[in-house]
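Okay, so here's the structure we're looking at.
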Amino acid sequence: MLKKALIVIITAVVFKSFLEYIFGDSSNQSKKTDEKKIFKSNDLSNTGEKLFLAILGNVYDVTTGGKHYKKGGSYDFFVGRDASRAYVTGDFKNDLNDQVEDLAENQIRDIFNWKSFYDKTYPHLGVLEGKFYTSDGQKTDKLLHLEKINQKQINNEKKNSDFQKRFPICNSEWTQEKGITKLWCTTESGGVKRSWAGYPRLVYNPITKQDSCACVNENDLSHPNVKLYPNCEPKSEICRP
């Protein structure tokens with residue numbers, strides 16, 4: 001019985017070795033698939049007829065968007081470099097670089113939005129050795145820090161969305177001479193469809209850290225972030241401050 005079991009095991013091992021010899025080691029194949037190609041800075045410009053660019057150290061082939069990226073195109077200045085900064089500053093003369101450390105957190109979020117656009121639109125080829133990736137393709141501390149900022153912004157966007165559903169922006173009427181002359185609420189003001197209209201109030205948003213007019217449900221009128229506008233009736237859906 002033991003002898004038969006050993007024969008079965010040996011046969012299985014030999015058969016596995018034969019398959020790996022013919023087709024290659026599947027584990028190594030998967031590792032090769034996961035490996036990132038590491039680019040040097042000058043690799044982005046020495047591409048022949050191909051058009052490569054990088055954003056946050058990620059390299060994309062934008063050749064299919066040639067009408068925008070080829071020489072003379074609207075965005076030809078992005079090709080051959082990592083110009084992450086310029087995507088949010090709009091300065092295509094002085095900011096065609098990857099210096100993003102001094103940007104505001106919402107600008108960092110915008111750069112990641114641009115990266116998402118490239119992820120969906122163009123082939124991702126690998127990563128660029130330098131500020132955002134090491135020579136072996138690992139994320140640097142700088143990139144990890146930026147990713148934390150981006151995630152924080154994503155969380156804030158979700159919180160802000162939930163806040164605005166609870167306190168939808170009110171409608172307003174404004175003139176250059178008098179400023180705001182009328183504030184009012186409907187069941188669709190602020191783009192939020194609901195069963196209640198609410199009452200115009202000055203509401204402090206802790207996510208954006210700003211005061212603005214919002215339509216407040218009767219159950220939230222005593223909320224600490226909610227204030228009554230001067231000269232406005234407490235239970236009126238229209239306010240003329």
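Which of the following values of mean projected area of the Cα convex hull in nm² was calculated from the structure shown: (1) 25.5; (2) 97.5; (3) 11.8?
Answer by label: (1).
List, in the order given, every pair from K50/K152; K50/K158; K50/K115; K93/K115; K158/K227 whose Cα-Cα distance in the structure shown is over 30 Å.
Pairs exceeding 30 Å: K50/K152; K50/K158.
Are there DSSP H segments in the chain that both extend 20 Å or more along their axis (alpha-carbon positions) and score a mean Kyte-Doolittle hydropathy of at least 1.0? List them, or say none.
TM-like helix candidates: 2-23.
Name the residues whose placed amide hydrogens come within less than 5 Å of the amide hydrogen of G126, ignoring near sequence neighbours (fewer than 5 apart) on the same chain.
Sorted by chain and number, the residues that satisfy this are V59.
What's the local net charge at D82, with K and R +1, D and E -1, over the other residues with C-beta under 10 Å away?
Around D82, the charge tally is +2.
Build a GNM of the chain with springs between Cα atoms under 10 Å: which of N46, N160, N219 gets the top mean-square fluctuation?
Largest GNM mean-square fluctuation: N219.
Helix-derived [θ] at 222 nm for the chain: sum -39500 (n - 2.57) over DSSP H runs of at least 4, divide by residue count, nearest 500?
On the way: 6 runs with 82 residues, N = 241.
Here the helix-only value at 222 nm equals -11000 deg cm²/dmol.
Please compute the per residue accessible area over the chain with all protein chains in place, 1.4 Å probe, rounded to a whole number of Å².
For the chain, the solvent-accessible area averages 65 Å² per residue.
When the chain is treated as a GNM, springs tying every alpha-carbon pair under 10 Å, which of E147, E177, E49 comes out with the largest mean-square fluctuation?
E177
Subtracting the Cα-Cα distance from 0.36 nm times the residue separation, let me have the gained length for T187 to S135 in nm, one decimal.
Fully extending the segment from T187 to S135 adds 13.1 nm.
How much net charge surrounds G198 when only the other residues with a Cβ under 15 Å from the Cβ of G198 are counted, with Lys and Arg +1 and Asp and Glu -1?
Taking every other residue near G198 into account, the sum is +2.
Using a/c under 1.5 as the rounded threshold, could you call segment 78-174 rounded, prolate or oblate? The axes a ≥ b ≥ c are square roots of the C-alpha gyration tensor eigenvalues, and prolate needs a/b larger than b/c, oblate otherwise.
Numbers: a/c = 2.33, a/b = 1.81, b/c = 1.29.
Prolate, because a/c is 1.5 or more and a/b exceeds b/c.
How long is the gain from L228 to S195 if the chain were fully straight, where each residue apart is worth 0.36 nm and the alpha carbon distance is subtracted?
Difference between extended and current length: 9.7 nm.
Per the 1.4 Å probe, what fraction of the accessible area of segment 86-186, in percent, lies on carbon and sulfur atoms?
The nonpolar share, carbon plus sulfur, comes to 48 percent.
Mind telling me which of L228, L103, L56 comes out most flexible in a GNM of the chain, alpha-carbon contacts under 10 Å?
Highest fluctuation among the options: L228.
The values are calculated or read from the model by the stated rules, or taken from the named source; none is laboratory data. Computed from a prediction, not measured in an experiment: that's the story for all the values here. Cβ coordinates were reconstructed from backbone atoms using ideal geometry, including for glycine residues, and neighbour counts include every protein chain displayed. Calculation scope for accessible area: heavy atoms of the full protein, side chains included, ligands and nucleic acids excluded. Shrake-Rupley method; radii C 1.70, N 1.55, O 1.52, S 1.80 Å.
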